[in-house]
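Following: one structure in structure tokens, then a few remarks.
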Amino acid sequence: MIARLGIRIASSLIGIVIGIVLSAAIFDGFSTSSTGIVEATIVFWIVFLIVNFLALRVLIRQPSVGLAGLLALVSTIVSLVIVNLLVSDISIHGASAYLGATLVIWISTAVADTVGRRMIRARRRG
């Protein structure tokens, strides 16, 4: 059980790091330093967990797959706004940078989460 939790946390953090690094490389309005990447990853992960928990447990009584995906997207943009406010080494300017970074981080975390789930399934079988 601890190994599964470790895989889930690691895959989530890796997805966030990849999303932030790609966003900084792709979008002109998104800039950060190496310290900012580390700080933003940790803050983003914590805020994302809290926002997701509140949205899924408090606001939504019967979540569907589509609604869960939409909530993940909204959680991503809320987390990104909070990270921009709290982390001094990250700067996001402009709607296109926010929207683009949201999509990149959302996709990278979804892919990393899928890889993490497959690793957990492989450990169960093996």
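Observations on the structure shown:
- Number of positions in region 20-40 that are farther than 16 Å from Leu85 by Cβ, in contact with a helix residue (DSSP H, G or I) (Cβ under 6 Å, 6 or more places away or on another chain) and not in a loop (DSSP other than H, G, I, E, B): 3
- The condition (being modelled with pLDDT under 95, open to solvent by 30 Å² or more (accessible area, probe 1.4 Å), under 28 Å from Arg4 (Cα atoms) and within 10 Å of the chain's Cα centre (by Cα)) is satisfied by just one residue among Leu67, Leu49: Leu49.
- Options Ile92, Ile16: the member that is closer than 28 Å to Met1 by Cα and either in contact with an Asp or Glu (Cβ under 6 Å, 6 or more places away or on another chain) or not charged (D, E, K, R) (or both): Ile16
- Looking at Ser75, Ser108, Ser11, just one residue is in a helix (DSSP H, G or I), surrounded by 19 or more Cβ atoms within 10 Å (Cβ to Cβ) and modelled with pLDDT under 90, and that residue is Ser75.
- Hey, Arg57 closer than 30 Å to Arg123 by Cβ, in contact with a helix residue (DSSP H, G or I) (Cβ under 8 Å, 6 or more places away or on another chain), of a type in the set (Lys, Arg) and at pLDDT below 95 or not: no
- Count of region 23-45 residues which are of a type in the set (A, V, I, L, M, F, W, C) and open to solvent by 80 Å² or more (accessible area, probe 1.4 Å): 4
- So Ser96, is it at pLDDT 90 or above and either at positive phi or more than 11 Å from the chain's Cα centre (by Cα) (or both): yes
The values are calculated or read from the model by the stated rules, or taken from the named source; none is laboratory data. Treat the numbers as computed from the prediction; the structure is a model and nothing was measured. Cβ sites come from the backbone with ideal geometry, for glycine too, and all protein chains shown count toward neighbours. We work out accessible area using only protein heavy atoms, side chains counted, and drop any ligands, DNA or RNA first. Shrake-Rupley method; radii C 1.70, N 1.55, O 1.52, S 1.80 Å.
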